[in-house]
Amino acid sequence: MSVLSLHQPLWEKLQARRSQLPHALLLHGQQGLGKLELARAFAASLLCDRPQPDGQACGDCPACHWLAQGNHPDFRLLQPAALAEDDGEGEGSAAASGSKKPSQQITIDQVRGLDDFLHVGTHRQGLRVVIVCPAEAMNRNTANALLKTLEEPLAATHFLLVSHEPDRLLPTIRSRCQAVAVATPERQTGVRWLEGAVPGLSDEDAARWLALAGGAPLLAADLAAPGEEGRGGKVTKSRSLTLLADLNAQLIQGSKMNPLSAAAALDKTLKADKEEGGRGGPGGLKLLVIWWQKWLVDLTLCSAGTPVRYFLGETTALRQLSEQADTEELFKFNRLLAKYKALSEHPLNTRLFLEELFSGYAAIFQGRPRRLS
């Protein structure tokens, strides 16, 4: 299903601004809302020769064909090589197939590579569009290189910056853009979209995955979708779902969990996932920490006697755990997780990292239980 159905009011507002579009927009919101897809659709509508009445690209004109083939002369997508698409539209596909590990950042060479693109005439005197996603993947030097271009806007040129964490951007970058908040869709809108995106998903399951994803439909679709077809035609679990299931299996044990054994089990899962080309390693570890934080939110909510927000399917287990939890240790561990989230991208030793986190979690159930008032 089209991501535009999740953001129809925003799409209409963007189309209404076409006649007086600023040189740079900053589309920001939580990850998994479809911001990049929205930016792509808007870029396509700007470049299209014959846009439809609702502003969407026609899909049939030469400009639309060039864009679909990844060779439109007036379009560029800057993203980390590690995220570059297989069609080579990103700036790092060559590195992805080379000998060294693809970069997780947008490099200064990618930004400098825009010079020739920006200083030649546009095709048929049309518009020129550059998407930068995620914008926070630029380090300070790269951001400053882009800033020079944003400070001296060129005619008929539009930048669409996409950001999951706009606070990580340089203030000078943010000041040169008009911010456009991409809101989390209403629950029922997200559920309907998710049911269309993942065939066979029930209302109940769609609501469960959407809650776990914090209301982000695309993230929920990744979690709910089955994995690849393996031997004998058997469809495996998605890699992200396997990581989540293994984490839950440990957290749900509470006081019965052995921190060292739990760390060893999750470390094994991450390594196996990495070998299969999944999210194992730093990326998978950060994902686990994010899920862990959501688990703590629900545990805290249960301690206060309020409904869970994320793990709807584990409500009963969370309520039982909340009866055993020492709230002082719960808040203490929550602060520790916030600190370790940043470290999860570059851990010195994944096994030791997990051991410390599981030890902190176990301490929640080893003290004197105290209910929230």
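The values are calculated or read from the model by the stated rules, or taken from the named source; none is laboratory data. No experiment lies behind these values; they were computed from the predicted model shown. Every residue, glycine as well, gets a Cβ built from its backbone with ideal geometry; the counts of neighbours run over all protein chains shown. For accessibility, only protein heavy atoms count, side chains too; no ligands or nucleic acids. Shrake-Rupley method; radii C 1.70, N 1.55, O 1.52, S 1.80 Å.
Summary table
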{"read-out": "Flag for Gly190 being on the phi > 0 side of the Ramachandran plot and at pLDDT 85 or above", "value": "no"}
{"read-out": "Selected residue (only one of Ala16, Ala81 is crowded, with 21+ Cβ neighbours inside 10 Å and assigned by the TED database to the domain that holds His164)", "value": "Ala81"}
{"read-out": "Where a residue in the stretch 239-254 is open to solvent by 30 Å² or more (accessible area, probe 1.4 Å) and its partner, wherever it lies, is among the β-branched types (Val, Ile, Thr), with Cβ under 8 Å and at least six apart", "value": "Thr242/Thr269; Asp246/Thr269"}
{"read-out": "Cβ-Cβ under 7 Å pairs, at least 6 apart or on other chains, the stretch 95-123 side open to solvent by less than 30 Å² (accessible area, probe 1.4 Å) and at pLDDT 85 or above, far side outside any loop (DSSP other than H, G, I, E, B) and basic (Lys, Arg)", "value": "Leu114/Arg76; Phe117/Arg76"}
{"read-out": "Pick from the stretch 19-65, criterion of a type in the set (S, T, N, Q) and farther than 19 Å from Ala155 by Cα, ranking: nearest to the chain's Cα centre (by Cα)", "value": "Gln31"}
{"read-out": "Output for the stretch 19-42, where each listed residue is assigned to a helix (DSSP H, G or I) and either at positive phi or surrounded by fewer than 13 Cβ atoms within 10 Å (Cβ to Cβ) (or both)", "value": "Ser19, Gln20"}
{"read-out": "Hey, Ser45 part of a helix (DSSP H, G or I) and crowded, with 16+ Cβ neighbours inside 10 Å or not", "value": "yes"}
{"read-out": "Sole residue being touching a strand residue (DSSP E or B) at 6+ places or on another chain (Cβ under 8 Å), in contact (Cβ under 8 Å) with a residue 60 or more places away in the chain and among the small types (Gly, Ala, Ser), chosen from Ala39, Ala63", "value": "Ala39"}
